[in-house]
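Contents: one structure, followed by commentary.
The values are calculated or read from the model by the stated rules, or taken from the named source; none is laboratory data. As the structure is a prediction and not an experimental result, all values here were calculated from the model. Glycine also receives a Cβ, built like all others from the backbone with ideal geometry; neighbour counts cover every protein chain displayed. The accessibility values were calculated without ligands, DNA or RNA, using every heavy atom of the protein model including side chains. Shrake-Rupley method; radii C 1.70, N 1.55, O 1.52, S 1.80 Å.
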Amino acid sequence: MDIVEFSIERIQSLYENTVDYNLSDSGVHPYTLRELLDAEQINQLLDVELGYGWTNGGVELRQSISKLYKDKNADNVIVTNGSAEANFVLVMGMLNPGDELVVIVPNYLQIWGWAKALNVKVVEVPLREELGWLPDMDELKDAITPNTKMISYCSPNNPTGSVLPQETLEQIVDLARAQGIYVHADEVYKGSELDGNEGPSIADLYEKGIATNGLSKAMALPGLRVGWLAGPKDVIDRAWHCKDYTSITTSSVSEFAANIVVQPQKRSEILERSRTILNQNVATLDEWIKQNSENYSCQLPQAGGMAFVRYSMNINSTDLVHRMRTERSIMLLPGDCYGMDGYIRIGVGAPSDHLKAGLAQLHEFTRGLND
Ligand SMILES: Cc1ncc(COP(=O)(O)O)c(C=O)c1O
């Protein structure tokens, strides 16, 4: 199978642990287990039996996750190893060679890449910067054909941090419903909206809506590797069919912690921490962009741990990122990873002193470039 390199992941994996200022992450600074659990829970964790669970996730956990949605039960949920595996089993379960998939871009390009490798025809519809990183609905309409099987978007969006308003989601649903098309949304940043207004899930707006979510981003727990799909039972069953072939189960240790953090009160506490960190850091970035407006501009994110920043220097984004890394030990993500040269992605989920120190270095680096 020919599959294009997943450069968003590969470049981070190669370099993010080799620099002093890693601002390439898209999530919120992670918890330790000690910070997350109380003494009694830590004690209970020590008694967790390290066996296999259910290949679609424990019933209790699936029930708790289903309560994050309207009118869903455990059969509407499959638990996966990270939301990455959720996306993977969705593609494997739902798409066939020759199908058409409309992907709103820029996007975390995992579904895009897998679908292409399966000889699915991938039709891109851009988020328009001039529309506040929202799609032009006429362009979306024109992209749909009788062969369209699914529309896929990521909101809150990686990398722009834009959030599709409910009105736009309803328009997408109307277009899809008219032709019986599935709509998939990667919602792993949902809950990190800076204004505290968590938007609706596609799984609640549309009978053929499928949501990817997990604990890695808004919930700041990527090391647990817990994700899920929520949607119609037949779709979940098809994904489960594939999951039996991939990783069998999630880890019993992770499921124990997941059961705790998806309970409403704990989930709210975690999301509150994420929003506090992000609000503080986005204000810092805003200030920095204003000070560096000769070279950088940005529509600030509405959610998520990253900002997509346009730069005016005459240099390719991958070259720019490698120079920042080798000359100043700062790691960012180049717009090239999204097929969008002229931008860099700056993580805003790091501890605030780390972000400030990294941005100070970036300022010095840019001054050096201009000299
Ligand atoms: C939109 C989106 N979906 C899925 C993932 C995969 O996350 P994980 O498997 O850690 O849940 C990422 C990671 O960056 C992402 O940005």
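What to note about this one:
- Unmet criterion (only one of (1) in contact (Cβ under 8 Å) with a residue 40 or more places away in the chain; (2) open to solvent by 10 Å² or more (accessible area, probe 1.4 Å); (3) away from the ligand (no atom under 14 Å from the Cβ)) for Val235: (2)
A quick yes/no check of all residues on (1) over 17 Å from Leu68 (Cα atoms); (2) among the hydrophobic types (A, V, I, L, M, F, W, C):
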{"residue": "Cys154", "(1), (2)": "yes, yes"}
{"residue": "Leu169", "(1), (2)": "yes, yes"}
{"residue": "Tyr182", "(1), (2)": "yes, no"}
{"residue": "Tyr189", "(1), (2)": "no, no"}
{"residue": "Thr212", "(1), (2)": "no, no"}
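- Hey, Leu33 surrounded by fewer than 20 Cβ atoms within 10 Å (Cβ to Cβ), more than 16 Å from the ligand (Cβ to nearest atom) and under 22 Å from Arg275 (Cα atoms) or not: yes
- Extreme residue, nearest to Phe308 (Cα to Cα), among residues of the stretch 96-119 that are open to solvent by 10 Å² or more (accessible area, probe 1.4 Å) and assigned to a strand (DSSP E or B): Val105
- Qualifying residues in the stretch 6-20 (those that are open to solvent by 40 Å² or more (accessible area, probe 1.4 Å) and among the polar types (S, T, N, Q)) - the one farthest from Arg328 (Cα to Cα): Ser13
- Given (1) touching a Pro at 6+ places or on another chain (Cβ under 9 Å); (2) farther than 22 Å from Leu300 by Cβ, number of the condition Leu205 does not satisfy: (1)
- Residue in the stretch 303-313 that is of a type in the set (A, V, I, L, M) and more than 25 Å from Lys217 (Cα to Cα) present: yes
- Any hit, the stretch 121-140, residues being away from the ligand (no atom under 16 Å from the Cβ) and assigned to a loop (DSSP other than H, G, I, E, B): yes
- Exclusive hit being away from the ligand (no atom under 16 Å from the Cβ), in contact (Cβ under 8 Å) with a residue 12 or more places away in the chain and surrounded by 15 or more Cβ atoms within 10 Å (Cβ to Cβ), set Ile202, Ile277, Ile248: Ile277
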